[in-house]
Amino acid sequence: TLEQIVVDVPREALEAEVARLRALLEKRTTQQYLRSARTLHRWLVEPLAGILAARPAAPLVFVPDGVLRTIPMAALHDGERFL
């Protein structure tokens, strides 16, 4: 079963945050990227928490488009661990 969740984040804010994460990931010597990684996790993954909890064995598949293709989804961070 496919699920779609719509999160009220303006396109400009999403694009800016993705660009920020991308730039900070390229530094490699700092962990400054974590703030953007947490923000994007909050926007893209946390809204799915109820669905994921109800189906713990179900796969989570991202089909990124646009700016989301420029970052690895595995870089998203929940404050404790990476996606």
If we scan region 42-51, do we find a residue that is over 15 Å from Glu3 (Cβ atoms) and either more than 9 Å from the chain's Cα centre (by Cα) or not polar (S, T, N, Q) (or both)?
yes
Given (1) surrounded by 13 or more Cβ atoms within 10 Å (Cβ to Cβ); (2) touching a helix residue (DSSP H, G or I) at 6+ places or on another chain (Cβ under 9 Å), number of the condition Leu48 does not satisfy:
(2)
Given the criteria at pLDDT 90 or above, over 11 Å from the mean Cα position of the chain (by Cα) and among the acidic types (Asp, Glu), does Asp65 qualify?
yes
Those residues of region 20-40 which are closer than 14 Å to Ala75 by Cα and open to solvent by 60 Å² or more (accessible area, probe 1.4 Å), in sequence order:
Arg20, Arg22, Glu26, Lys27, Arg28, Gln31, Gln32, Arg35, Arg38
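Yes or no, residue by residue, for (1) more than 10 Å from the chain's Cα centre (by Cα); (2) open to solvent by 90 Å² or more (accessible area, probe 1.4 Å); (3) modelled with pLDDT of 95 or more:
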{"position": "Gln4", "(1), (2), (3)": "yes, yes, no"}
{"position": "Val18", "(1), (2), (3)": "no, no, yes"}
{"position": "Ala54", "(1), (2), (3)": "yes, no, no"}
{"position": "Ala57", "(1), (2), (3)": "yes, yes, no"}
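The values are calculated or read from the model by the stated rules, or taken from the named source; none is laboratory data. This is a predicted model, so every value here is computed, not measured. So basically every Cβ, Gly included, is an ideal-geometry build from the backbone, and we count neighbours across all protein chains shown. These area figures cover heavy atoms from the full protein model, side chains too; ligands, DNA and RNA do not enter into them. Shrake-Rupley method; radii C 1.70, N 1.55, O 1.52, S 1.80 Å.
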